[in-house]
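The values are calculated or read from the model by the stated rules, or taken from the named source; none is laboratory data. Predicted model only: the values in this text are computed from it and were never measured. For neighbour counting, all protein chains shown are included, and Cβ atoms are generated from backbone atoms with ideal geometry for every residue, glycine included.
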Ligand SMILES: Nc1ncnc2c1ncn2[C@@H]1O[C@H](COP(=O)(O)OP(=O)(O)OP(=O)(O)O)[C@@H](O)[C@H]1O
Ligand code: SF4
Ligand SMILES: [Mg+2]
(Lines give C-alpha, C1' and ligand atoms only; values in the text may rest on other atoms or scores of the structure.)
(Ligands and ions follow the chains in the order given, each with its own letter.)
Protein backbone atom coordinates (compact mmCIF):
# COMPACT_ATOMS: atom_id res chain seq x y z
CA UNK A 1 0.00 0.00 0.00
CA UNK A 2 1.16 3.55 -0.71
CA UNK A 3 1.56 6.64 1.40
CA UNK A 4 -1.20 8.15 3.50
CA UNK A 5 -3.49 10.15 1.17
CA UNK A 6 -6.47 11.08 3.30
CA UNK A 7 -6.86 11.19 7.05
CA UNK A 8 -10.18 12.06 8.64
CA UNK A 9 -9.93 12.92 12.32
CA UNK A 10 -12.81 13.23 14.76
CA UNK A 11 -15.14 14.58 12.06
CA UNK A 12 -18.51 15.84 13.27
CA UNK A 13 -21.27 17.01 10.92
CA UNK A 14 -24.54 18.01 12.51
CA UNK A 15 -27.89 19.21 11.19
CA UNK A 16 -29.64 21.96 13.13
CA UNK A 17 -33.41 21.75 12.79
CA UNK A 18 -35.58 23.92 15.04
CA UNK A 19 -34.53 22.88 18.53
CA UNK A 20 -32.97 19.51 17.63
CA UNK A 21 -29.43 18.58 16.66
CA UNK A 22 -29.12 15.61 14.31
CA UNK A 23 -25.66 14.09 14.73
CA UNK A 24 -25.28 12.62 11.23
CA UNK A 25 -21.50 12.21 11.53
CA UNK A 26 -20.40 12.10 15.13
CA UNK A 27 -16.68 11.68 15.63
CA UNK A 28 -15.49 9.73 12.59
CA UNK A 29 -11.85 8.66 12.21
CA UNK A 30 -10.32 6.80 9.29
CA UNK A 31 -7.60 7.04 6.67
CA UNK A 32 -7.11 6.05 3.04
CA UNK A 33 -3.71 5.27 1.56
CA UNK A 34 -2.66 5.97 -2.01
CA UNK A 35 -4.18 3.47 -4.48
CA UNK A 36 -6.17 1.80 -1.72
CA UNK A 37 -9.89 0.93 -1.78
CA UNK A 38 -11.77 1.51 1.43
CA UNK A 39 -15.33 0.21 1.68
CA UNK A 40 -17.84 2.14 3.78
CA UNK A 41 -20.81 0.03 4.85
CA UNK A 42 -23.75 0.34 7.24
CA UNK A 43 -27.52 0.58 7.30
CA UNK A 44 -29.45 3.36 5.63
CA UNK A 45 -29.15 6.70 7.45
CA UNK A 46 -25.96 5.86 9.37
CA UNK A 47 -24.03 8.77 7.84
CA UNK A 48 -22.10 7.28 4.91
CA UNK A 49 -23.08 9.94 2.37
CA UNK A 50 -22.71 12.78 4.87
CA UNK A 51 -19.20 11.58 5.72
CA UNK A 52 -18.18 11.69 2.07
CA UNK A 53 -19.95 14.99 1.39
CA UNK A 54 -18.16 16.44 4.43
CA UNK A 55 -14.79 15.50 2.91
CA UNK A 56 -15.71 17.63 -0.12
CA UNK A 57 -17.43 20.26 2.03
CA UNK A 58 -20.70 19.78 0.16
CA UNK A 59 -23.04 19.41 3.13
CA UNK A 60 -26.59 20.73 2.52
CA UNK A 61 -26.76 24.25 3.90
CA UNK A 62 -27.86 26.02 6.01
CA UNK A 63 -29.13 23.16 8.22
CA UNK A 64 -25.96 21.09 7.91
CA UNK A 65 -22.66 22.16 9.42
CA UNK A 66 -19.25 20.57 9.88
CA UNK A 67 -18.85 21.22 13.58
CA UNK A 68 -15.34 19.97 14.19
CA UNK A 69 -12.55 17.69 13.08
CA UNK A 70 -9.87 17.59 10.42
CA UNK A 71 -9.87 16.29 6.85
CA UNK A 72 -6.20 15.99 5.98
CA UNK A 73 -5.55 15.45 2.28
CA UNK A 74 -1.84 14.92 1.68
CA UNK A 75 -1.36 16.54 5.08
CA UNK A 76 -3.41 19.67 4.33
CA UNK A 77 -6.62 20.27 6.27
CA UNK A 78 -9.38 20.74 3.67
CA UNK A 79 -11.67 22.22 6.31
CA UNK A 80 -9.31 25.20 6.58
CA UNK A 81 -9.08 25.97 2.83
CA UNK A 82 -10.80 28.96 1.25
CA UNK A 83 -13.86 28.14 -0.88
CA UNK A 84 -11.83 29.06 -3.99
CA UNK A 85 -9.03 26.59 -3.15
CA UNK A 86 -11.63 23.98 -2.25
CA UNK A 87 -13.14 24.31 -5.74
CA UNK A 88 -9.75 23.32 -7.17
CA UNK A 89 -9.63 20.26 -4.92
CA UNK A 90 -13.07 19.08 -6.02
CA UNK A 91 -12.90 17.16 -9.24
CA UNK A 92 -9.19 17.74 -9.69
CA UNK A 93 -7.85 16.01 -6.56
CA UNK A 94 -10.94 14.36 -5.10
CA UNK A 95 -13.96 13.45 -7.17
CA UNK A 96 -17.27 11.87 -6.34
CA UNK A 97 -19.84 9.73 -8.10
CA UNK A 98 -23.07 10.59 -6.38
CA UNK A 99 -25.71 8.24 -5.08
CA UNK A 100 -28.35 7.94 -7.84
CA UNK A 101 -25.88 8.82 -10.59
CA UNK A 102 -28.46 8.69 -13.37
CA UNK A 103 -29.81 12.05 -12.30
CA UNK A 104 -26.37 13.65 -12.42
CA UNK A 105 -26.34 13.77 -16.24
CA UNK A 106 -28.16 16.69 -17.77
CA UNK A 107 -30.65 15.36 -20.37
CA UNK A 108 -30.45 18.42 -22.62
CA UNK A 109 -26.68 18.41 -23.22
CA UNK A 110 -24.58 16.04 -25.31
CA UNK A 111 -22.42 13.76 -23.19
CA UNK A 112 -19.23 15.08 -24.80
CA UNK A 113 -20.11 18.59 -23.65
CA UNK A 114 -20.77 17.40 -20.12
CA UNK A 115 -17.37 15.73 -19.89
CA UNK A 116 -15.75 18.70 -21.64
CA UNK A 117 -17.23 21.07 -19.10
CA UNK A 118 -15.79 19.00 -16.26
CA UNK A 119 -12.35 19.12 -17.90
CA UNK A 120 -12.53 22.81 -18.77
CA UNK A 121 -13.59 23.82 -15.25
CA UNK A 122 -10.24 22.60 -14.01
CA UNK A 123 -6.67 23.23 -15.03
CA UNK A 124 -5.58 22.14 -18.47
CA UNK A 125 -3.06 19.54 -17.38
CA UNK A 126 -2.22 17.70 -20.54
CA UNK A 127 -1.69 18.48 -24.19
CA UNK A 128 -4.27 18.06 -26.94
CA UNK A 129 -7.56 19.60 -27.88
CA UNK A 130 -10.56 19.38 -25.60
CA UNK A 131 -12.24 16.98 -28.04
CA UNK A 132 -9.28 14.62 -28.01
CA UNK A 133 -9.28 14.67 -24.21
CA UNK A 134 -13.00 13.87 -24.11
CA UNK A 135 -12.50 10.97 -26.53
CA UNK A 136 -9.58 9.71 -24.45
CA UNK A 137 -11.72 9.72 -21.29
CA UNK A 138 -14.62 7.98 -23.08
CA UNK A 139 -12.16 5.36 -24.27
CA UNK A 140 -10.86 4.96 -20.73
CA UNK A 141 -14.38 4.08 -19.54
CA UNK A 142 -14.71 1.67 -22.49
CA UNK A 143 -17.42 3.49 -24.43
CA UNK A 144 -17.39 1.96 -27.91
CA UNK A 145 -16.85 4.34 -30.88
CA UNK A 146 -16.21 7.37 -28.66
CA UNK A 147 -15.78 9.60 -31.73
CA UNK A 148 -19.48 9.22 -32.52
CA UNK A 149 -20.80 8.74 -28.98
CA UNK A 150 -19.44 12.15 -28.01
CA UNK A 151 -22.44 13.69 -29.80
CA UNK A 152 -25.06 11.50 -28.08
CA UNK A 153 -27.56 12.79 -25.56
CA UNK A 154 -27.93 10.80 -22.33
CA UNK A 155 -31.26 9.26 -23.46
CA UNK A 156 -29.50 7.71 -26.44
CA UNK A 157 -27.36 5.54 -24.16
CA UNK A 158 -28.17 2.36 -22.26
CA UNK A 159 -28.24 2.41 -18.44
CA UNK A 160 -24.81 0.80 -18.20
CA UNK A 161 -23.33 3.23 -20.70
CA UNK A 162 -24.85 6.23 -18.91
CA UNK A 163 -23.24 4.94 -15.74
CA UNK A 164 -19.88 4.86 -17.53
CA UNK A 165 -20.37 8.43 -18.69
CA UNK A 166 -21.06 9.49 -15.10
CA UNK A 167 -17.82 7.75 -14.20
CA UNK A 168 -16.10 9.55 -17.07
CA UNK A 169 -17.20 12.93 -15.74
CA UNK A 170 -15.90 12.00 -12.27
CA UNK A 171 -12.47 10.86 -13.45
CA UNK A 172 -12.06 13.42 -16.24
CA UNK A 173 -9.40 15.32 -14.29
CA UNK A 174 -7.68 12.18 -13.09
CA UNK A 175 -8.31 12.66 -9.37
CA UNK A 176 -6.09 11.10 -6.68
CA UNK A 177 -9.18 9.98 -4.75
CA UNK A 178 -12.58 8.94 -6.06
CA UNK A 179 -15.54 8.58 -3.75
CA UNK A 180 -18.21 6.32 -5.25
CA UNK A 181 -21.48 6.49 -3.33
CA UNK A 182 -23.47 3.36 -4.23
CA UNK A 183 -22.88 3.85 -7.94
CA UNK A 184 -24.21 0.46 -8.99
CA UNK A 185 -27.53 0.10 -7.17
CA UNK A 186 -29.58 0.97 -10.25
CA UNK A 187 -27.75 -1.48 -12.52
CA UNK A 188 -28.60 -5.11 -13.15
CA UNK A 189 -26.17 -7.70 -11.80
CA UNK A 190 -24.25 -8.38 -15.04
CA UNK A 191 -23.79 -4.70 -15.89
CA UNK A 192 -22.86 -4.07 -12.27
CA UNK A 193 -20.09 -6.67 -12.41
CA UNK A 194 -18.75 -5.13 -15.63
CA UNK A 195 -18.84 -1.68 -14.09
CA UNK A 196 -16.91 -2.81 -11.02
CA UNK A 197 -14.28 -4.45 -13.22
CA UNK A 198 -14.01 -1.20 -15.16
CA UNK A 199 -13.67 0.83 -11.99
CA UNK A 200 -10.86 -1.45 -10.81
CA UNK A 201 -9.09 -1.14 -14.19
CA UNK A 202 -9.37 2.66 -14.14
CA UNK A 203 -8.14 2.74 -10.57
CA UNK A 204 -5.07 0.75 -11.60
CA UNK A 205 -4.46 2.83 -14.72
CA UNK A 206 -4.77 6.17 -12.92
CA UNK A 207 -3.24 5.04 -9.62
CA UNK A 208 -6.32 6.36 -7.85
CA UNK A 209 -7.51 5.66 -4.30
CA UNK A 210 -11.18 4.77 -3.87
CA UNK A 211 -13.78 5.08 -1.14
CA UNK A 212 -16.62 2.79 -2.10
CA UNK A 213 -19.93 3.18 -0.29
CA UNK A 214 -22.26 0.22 -0.56
CA UNK A 215 -24.91 -1.94 1.06
CA UNK A 216 -23.62 -4.95 -0.80
CA UNK A 217 -21.12 -7.20 0.96
CA UNK A 218 -20.49 -9.07 -2.29
CA UNK A 219 -19.07 -5.85 -3.76
CA UNK A 220 -17.05 -5.23 -0.60
CA UNK A 221 -15.49 -8.68 -0.88
CA UNK A 222 -14.66 -8.22 -4.54
CA UNK A 223 -13.10 -4.76 -4.59
CA UNK A 224 -12.11 -3.45 -1.13
CA UNK A 225 -8.79 -3.66 0.68
CA UNK A 226 -10.19 -2.47 3.99
CA UNK A 227 -13.71 -1.89 5.29
CA UNK A 228 -15.18 0.65 7.72
CA UNK A 229 -18.47 -0.37 9.32
CA UNK A 230 -20.56 2.63 10.27
CA UNK A 231 -23.48 2.78 12.68
CA UNK A 232 -25.49 5.81 13.86
CA UNK A 233 -22.85 8.37 12.90
CA UNK A 234 -19.75 6.49 14.07
CA UNK A 235 -17.35 3.92 12.69
CA UNK A 236 -17.78 0.82 14.84
CA UNK A 237 -15.09 -1.35 13.27
CA UNK A 238 -12.43 -0.90 10.62
CA UNK A 239 -10.20 -3.66 9.35
CA UNK A 240 -8.74 -5.40 6.31
CA UNK A 241 -11.52 -7.01 4.29
CA UNK A 242 -10.65 -10.62 5.22
CA UNK A 243 -10.76 -9.79 8.97
CA UNK A 244 -14.18 -8.17 8.61
CA UNK A 245 -15.53 -11.31 6.94
CA UNK A 246 -13.70 -13.99 8.87
CA UNK A 247 -12.89 -12.47 12.22
CA UNK A 248 -15.21 -9.54 13.03
CA UNK A 249 -14.69 -8.07 16.50
CA UNK A 250 -17.84 -5.95 16.78
CA UNK A 251 -21.29 -7.38 17.39
CA UNK A 252 -22.81 -5.03 14.80
CA UNK A 253 -20.44 -6.26 12.09
CA UNK A 254 -21.27 -9.85 13.01
CA UNK A 255 -25.01 -9.08 12.83
CA UNK A 256 -24.63 -7.43 9.43
CA UNK A 257 -22.80 -10.45 8.09
CA UNK A 258 -25.44 -12.80 9.50
CA UNK A 259 -28.08 -10.69 7.75
CA UNK A 260 -26.45 -11.43 4.39
CA UNK A 261 -27.62 -14.87 3.29
CA UNK A 262 -24.86 -15.48 0.76
CA UNK A 263 -21.89 -13.32 -0.03
CA UNK A 264 -22.48 -13.54 -3.74
CA UNK A 265 -26.14 -12.59 -3.45
CA UNK A 266 -26.98 -8.97 -4.14
CA UNK A 267 -28.51 -7.26 -1.11
CA UNK A 268 -29.89 -3.78 -1.56
CA UNK A 269 -30.71 -2.90 1.99
CA UNK A 270 -29.46 -4.38 5.19
CA UNK A 271 -32.72 -4.40 7.07
CA UNK A 272 -32.78 -7.84 8.60
CA UNK A 273 -31.22 -7.03 11.99
CA UNK A 274 -34.09 -6.82 14.49
CA UNK A 275 -34.80 -3.37 15.89
CA UNK A 276 -33.92 0.11 14.67
CA UNK A 277 -30.81 2.27 14.93
CA UNK A 278 -31.09 5.03 17.57
CA UNK A 279 -32.40 8.45 16.60
CA UNK A 280 -29.53 10.73 15.72
CA UNK A 281 -31.11 13.60 17.65
CA UNK A 282 -31.25 11.64 20.91
CA UNK A 283 -28.36 9.20 20.98
CA UNK A 284 -28.01 6.84 23.95
CA UNK A 285 -25.32 7.41 26.57
CA UNK A 286 -23.52 4.10 26.10
CA UNK A 287 -22.81 1.97 23.05
CA UNK A 288 -25.02 3.04 20.15
CA UNK A 289 -25.73 -0.58 19.23
CA UNK A 290 -26.74 -1.64 22.78
CA UNK A 291 -30.52 -1.67 22.16
CA UNK A 292 -30.04 -4.29 19.43
CA UNK A 293 -27.11 -6.25 20.87
CA UNK A 294 -27.67 -9.58 22.56
CA UNK A 295 -24.47 -9.18 24.57
CA UNK A 296 -25.31 -5.73 25.95
CA UNK A 297 -24.83 -5.36 29.71
CA UNK A 298 -25.10 -2.45 32.13
CA UNK A 299 -21.71 -1.03 31.18
CA UNK A 300 -22.64 -1.10 27.49
CA UNK A 301 -25.78 0.90 28.23
CA UNK A 302 -24.08 3.58 30.27
CA UNK A 303 -20.57 4.10 28.93
CA UNK A 304 -19.53 4.47 25.30
CA UNK A 305 -16.68 2.08 24.46
CA UNK A 306 -13.44 3.55 23.07
CA UNK A 307 -12.01 2.51 19.71
CA UNK A 308 -9.44 -0.19 20.49
CA UNK A 309 -6.82 -2.00 18.46
CA UNK A 310 -7.82 -5.65 18.25
CA UNK A 311 -5.36 -6.88 15.63
CA UNK A 312 -3.09 -5.68 12.85
CA UNK A 313 -4.81 -2.65 11.24
CA UNK A 314 -7.97 -3.84 12.96
CA UNK A 315 -9.91 -1.54 15.32
CA UNK A 316 -13.29 -1.95 17.01
CA UNK A 317 -15.45 0.00 19.43
CA UNK A 318 -16.94 -2.61 21.76
CA UNK A 319 -16.67 -3.54 25.45
CA UNK A 320 -17.03 -7.25 24.74
CA UNK A 321 -15.21 -7.89 21.49
CA UNK A 322 -15.85 -11.17 19.76
CA UNK A 323 -12.17 -12.13 19.90
N1 LIG B 1 -30.84 17.55 4.72
C2 LIG B 1 -30.87 16.93 5.91
N3 LIG B 1 -31.48 17.49 6.97
C4 LIG B 1 -31.49 16.88 8.18
N5 LIG B 1 -30.91 15.70 8.42
C6 LIG B 1 -30.31 15.09 7.40
C7 LIG B 1 -30.24 15.67 6.10
N8 LIG B 1 -29.57 14.82 5.30
C9 LIG B 1 -29.23 13.77 6.08
N10 LIG B 1 -29.66 13.93 7.34
C11 LIG B 1 -29.44 13.03 8.47
O12 LIG B 1 -28.16 12.48 8.34
C13 LIG B 1 -28.22 11.08 8.54
C14 LIG B 1 -27.19 10.43 7.67
O15 LIG B 1 -27.57 10.56 6.33
P16 LIG B 1 -26.74 9.94 5.14
O17 LIG B 1 -27.36 10.43 3.90
O18 LIG B 1 -25.31 10.20 5.35
O19 LIG B 1 -27.03 8.38 5.35
P20 LIG B 1 -26.47 7.16 4.50
O21 LIG B 1 -25.69 6.28 5.43
O22 LIG B 1 -25.78 7.66 3.29
O23 LIG B 1 -27.82 6.38 4.12
P24 LIG B 1 -28.25 5.62 2.75
O25 LIG B 1 -27.60 4.29 2.84
O26 LIG B 1 -29.73 5.55 2.85
O27 LIG B 1 -27.77 6.44 1.61
C28 LIG B 1 -29.65 10.67 8.24
O29 LIG B 1 -30.05 9.62 9.06
C30 LIG B 1 -30.44 11.91 8.53
O31 LIG B 1 -30.93 11.85 9.85
S1 SF4 C 1 -20.27 -2.50 23.51
FE2 SF4 C 1 -21.77 -3.90 24.36
S3 SF4 C 1 -23.69 -3.35 23.34
FE4 SF4 C 1 -22.04 -2.47 22.15
S5 SF4 C 1 -21.63 -3.99 20.59
FE6 SF4 C 1 -20.20 -4.36 22.28
S7 SF4 C 1 -21.24 -5.88 23.53
FE8 SF4 C 1 -22.79 -5.02 22.19
MG1 LIG D 1 -26.20 7.60 1.29
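So which residues in the stretch 17-40 are within 9 Å of ligand 1 (Cβ to nearest atom) and at pLDDT 95 or above, if there are any at all?
Narrowing the stretch 17-40 to residues within 9 Å of ligand 1 (Cβ to nearest atom): 17, 22-25, 40.
The answer is 22, 23, 24, 25, 40.
For the stretch 146-212, which helices (runs of 4 or more DSSP H) that fit wholly inside it have 1 or more residues that are within 20 Å of residue 224 (Cα to Cα), without any contact (Cβ under 8 Å) to a residue 24 or more places away in the chain and within 18 Å of the chain's Cα centre (by Cα)? Working first, answer last.
Numbers: elements: 146-149, 159-171, 189-206.
In the stretch 146-212, 189-206 are the helices (runs of 4 or more DSSP H) which contain 1 or more residues that are within 20 Å of residue 224 (Cα to Cα), without any contact (Cβ under 8 Å) to a residue 24 or more places away in the chain and within 18 Å of the chain's Cα centre (by Cα).
In the stretch 298-308, which residue that is in a loop (DSSP other than H, G, I, E, B) and closer than 13 Å to residue 321 by Cα is nearest to ligand 1 (Cβ to nearest atom)? So that I can check it myself, show each step before the final result.
If we filter the stretch 298-308 for residues that are in a loop (DSSP other than H, G, I, E, B), which is where we start, we get 303-307.
With closer than 13 Å to residue 321 by Cα added as a condition, the list becomes 305-307.
On the way: 305: 21, 306: 23, 307: 19 Å.
Across the stretch 298-308, the extreme among qualifying residues is 307.
Can you tell which of 209, 228 is closer than 21 Å to residue 40 by Cβ and within 16 Å of ligand 3 (Cβ to nearest atom)? Steps first, please.
Values: 209 fails: within 16 Å of ligand 3 (Cβ to nearest atom).
The match here is 228.
Here are 306, 284, 277: which of them is within 16 Å of ligand 3 (Cβ to nearest atom) and under 24 Å from residue 22 (Cα atoms)? Working first, answer last.
Values: 306 fails: within 16 Å of ligand 3 (Cβ to nearest atom); 284 fails: within 16 Å of ligand 3 (Cβ to nearest atom).
Only one candidate qualifies: 277.
Counting just the residues of the stretch 309-323 that are assigned to a loop (DSSP other than H, G, I, E, B) and within 15 Å of residue 230 (Cβ to Cβ), which one comes out farthest from ligand 3 (Cβ to nearest atom)?
318
Any residue in the stretch 269-279 that is buried (at least 21 other Cβ atoms within 10 Å of the Cβ), touching a residue at least 40 places away in the same chain (Cβ under 8 Å) and either in contact with a strand residue (DSSP E or B) (Cβ under 6 Å, 6 or more places away or on another chain) or over 30 Å from residue 189 (Cα atoms) (or both)? Working first, answer last.
At the first step, the residues of the stretch 269-279 found to be buried (at least 21 other Cβ atoms within 10 Å of the Cβ) are none.
Checked against the condition, which is being buried (at least 21 other Cβ atoms within 10 Å of the Cβ), touching a residue at least 40 places away in the same chain (Cβ under 8 Å) and either in contact with a strand residue (DSSP E or B) (Cβ under 6 Å, 6 or more places away or on another chain) or over 30 Å from residue 189 (Cα atoms) (or both), the stretch 269-279 yields no hits at all.
Only residues in the stretch 43-54 that are within 16 Å of ligand 2 (Cβ to nearest atom) count as the first member; pair them with residues that are in a helix (DSSP H, G or I), Cβ under 9 angstrom, at least 6 apart or cross-chain, and list the lot.
Cβ pairs passing all conditions: 43/256.
Examine the stretch 208-231 for a residue that is more than 19 Å from residue 48 (Cβ to Cβ), more than 16 Å from ligand 1 (Cβ to nearest atom), touching a strand residue (DSSP E or B) at 6+ places or on another chain (Cβ under 8 Å) and modelled with pLDDT of 90 or more, and state whether such a residue exists.
yes
Only one of 188, 181 is surrounded by 16 or more Cβ atoms within 10 Å (Cβ to Cβ) and either in contact with a strand residue (DSSP E or B) (Cβ under 9 Å, 6 or more places away or on another chain) or over 24 Å from residue 56 (Cβ atoms) (or both); which?
Numbers: 188 fails: surrounded by 16 or more Cβ atoms within 10 Å (Cβ to Cβ).
On inspection, the qualifying residue turns out to be 181.
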